[in-house]
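Undergrad: Attaching a single structure in structure tokens format; questions to follow.
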Amino acid sequence: MIVATGAAFKAQFAAPAAVPLFAGNAMLEISAAALDAGYGLAPCNAPGLDGAQLAALFPYLDARRQLLLSALSFVGPPTDVARASFVPGLNATEKVGLANLLGMVLCRIAASRWVAAQALGPIQRFWHLDLAEHEPVNLVQGPPALPGVQNPDFLFETPNGWFLMESKGSVGGLLWKKLREGLQQALRFGGFAFVDPNAGPLAANVVQARACSMAHFRAGDLQLTLLDPPDGPQALAATPPEEAPIPPQLVLVQAFCDLLQWELALGQFTGGDPYAVLQEHATDAPIVPIAPWPVTWRTLSDVAGRGPALSLGIWSELLTSRRALFLALKAMRHVLPVCAIPAEAVTRNVLDAPVPGLQHAIAQSLDAWTAVGEDAVAWQEALRATMQRLPPEATSRRAVIQTLIHTAALPGANSVASLADRYLDLVRNGSADARRDATTSQDEAAPGRLQLDATTHGLLVAFGTWHAAPTKQEDGEPREI
């Protein structure tokens with residue numbers, strides 16, 4: 001039981017350990033954390049934006065990352081970060097916005113430190129809980145699980161399960177009141193469920209542990225404080241998922257969430273429309289040989305006077321497979337809203353219950369999609385044909401989702417499931433190889449010159465002076481969609 005008010009709240013927690021915040025280059029790690037946290041954008045926040053709107057949105061979002069860097073001072077060792085001298089003179093409104101951004105980005109770093117201290121394995125997925133607020137992603141109709149500011153910020157996964165983090169920030173000192181509020185937000189969130197398209201009743205995923213982090217300053221130096229309940233995270237939760245209560249407001253199709261993260265990475269890499277033709281990138285960016293997957297690089301825009309530019313990389317296959325991604329998400333954005341579940345109807349067996357008129361509604365939704373291109377028409381027709389084979393009067397939500405996920409008619413003979421599996425394999429195994437090569441494939445005469453970090457959704461951030469010849473993409477340049 002957590003005491004909610006007064007000095008007794010603070011007394012429940014051990015004094016924080018005084019450990020260095022950054023082990024390597026702080027600017028690199030903060031930039032990678034900003035990309036992974038989305039710097040203000042959950043991937044489903046803008047499902048209806050067209051290419052021109054996305055082209056304007058992503059530069060705005062990257063400007064937020066640059067704004068954060070401009071408010072920090074990196075003078076001195078690369079592991080040291082201080083508050084820029086002008087920040088105390090900002091007005092109150094500006095300080096609040098900057099504090100929120102700082103807290104959100106540093107929360108990604110706090111999450112890594114937290115799971116490392118508990119030996120829970122690397123972070124494999126890192127999602128913003130805005131996922132709960134958008135019908136194409138969340139199948140449940142109605143308000144988010146915890147309306148408004150009560151939602152914690154991030155849901156993330158390690159090999160040992162799922163965890164929740166709320167982020168707080170301050171451009172001044174540590175604020176215990178805000179930490180208490182943030183921890184209470186994280187504790188209120190009950191859980192979530194994934195749709196298994198193959199079989200099984202709807203069952204909740206247990207949230208193994210929850211915490212709140214706060215980025216703040218002490219004597220002008222950047223600090224990070226993490227608060228978790230006095231009882232955890234210790235042993236993992238003992239309640240089996242099949243016995244856990246079903247959350248009534250958050251039911252997700254995991255493959256859709258993963259592919260949205262891929263789309264987010266593309267938008268961050270291109271700096272605009274995720275599906276636009278790439279411009280020729282600068283050739284002076286460091287190229288890291290990461291076998292067996294080639295990486296495409298560009299210079300990451302940065303704040304003037306902040307030192308050598310960082311380089312942003314993406315696995316080249318994620319670029320050359322963009323057409324399949326585009327078509328997969330297009331279909332999911334048309335079909336999944338038709339499978340929405342009223343909040344009051346969420347039960348363990350709701351996925352297998354026949355839904356009168358569902359097959360007809362799916363056909364109408366597919367007809368509303370104006371497919372452009374032979375591959376798009378073939379994909380649309382394949383979905384129509386497989387959906388028509390479902391029993392007209394006994395079509396269930398699971399049958400529709402199963403058909404959508406497993407129809408292998410995307411470019412490259414892919415299905416949504418195989419596309420998501422390949423994406424995860426590339427991001428996870430490639431990231432491990434990237435970190436390994438960054439430490440073993442350097443010039444022995446100048447160790448430590450090349451530094452690299454990887455996000456959970458397919459991007460690499462590099463800083464250094466070591467170069468190698470770029471690896472050519474076997475599939476050629478991405479084509480316009």
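The values are calculated or read from the model by the stated rules, or taken from the named source; none is laboratory data. Keep in mind it's a predicted model, so treat the numbers as computed, not measured. Using ideal geometry, Cβ is built from the backbone for each residue, glycine included, and neighbour counts are taken over all protein chains shown. Accessible surface is based on the protein model in full, side chains and every heavy atom, while ligands, DNA and RNA are left aside. Shrake-Rupley method; radii C 1.70, N 1.55, O 1.52, S 1.80 Å.
Undergrad: Tell me, what is the FRET efficiency for Ala385 and Ala345 to the nearest 0.05, using R0 = 22 angstrom and their Cβ-Cβ distance as r?
TA: Working: r = 29 Å, r/R0 = 1.34.
Given R0 = 22 Å and the Cβ-Cβ separation, E is 0.15.
Undergrad: Moving to a separate point now. Using a 1.4 Å probe on the protein heavy atoms, what percent of the accessible area of the range 51-138 belongs to carbon and sulfur?
TA: Details: 2190 of 3690 Å².
Of the solvent-accessible surface of the range 51-138, carbon and sulfur hold 59 percent.
Undergrad: Also: Calculate the dipole size of the range 299-380 relative to its Cα centre from +1 charges on Lys and Arg beta carbons and -1 charges on Asp and Glu beta carbons; express the result in debye to the nearest 20.
TA: Numbers: 6 positive and 7 negative charges, 42 e Å.
It comes to approximately 200 debye.
Undergrad: Give me the extension gain from Glu393 to Ala92: residue separation times 0.36 nm, minus the current Cα-Cα distance, reported in nm with one decimal. Present the calculation step by step, with values, prior to reporting the outcome.
TA: Numbers: separation 301, 0.36 × 301 = 108.36 nm, distance 5.98 nm.
Stretched fully, the Glu393-Ala92 segment lengthens by 102.4 nm.
Undergrad: Determine the gain in length on full extension of the stretch Asn160-Ala52; use 0.36 nm per residue of separation and subtract their C-alpha separation, reporting nm with one decimal.
TA: On the way: separation 108, 0.36 × 108 = 38.88 nm, distance 4.05 nm.
So the extension gain works out to 34.8 nm.
Undergrad: Find the centroid of the Cα atoms in the range 158-186 and in the range 339-417, then give the distance between the two in whole Å.
TA: 39 Å
Undergrad: If amide hydrogens are placed 1.01 Å from N in the peptide plane, which non-local residues have theirs closer than 5 Å to the one on Arg125?
TA: Glu157
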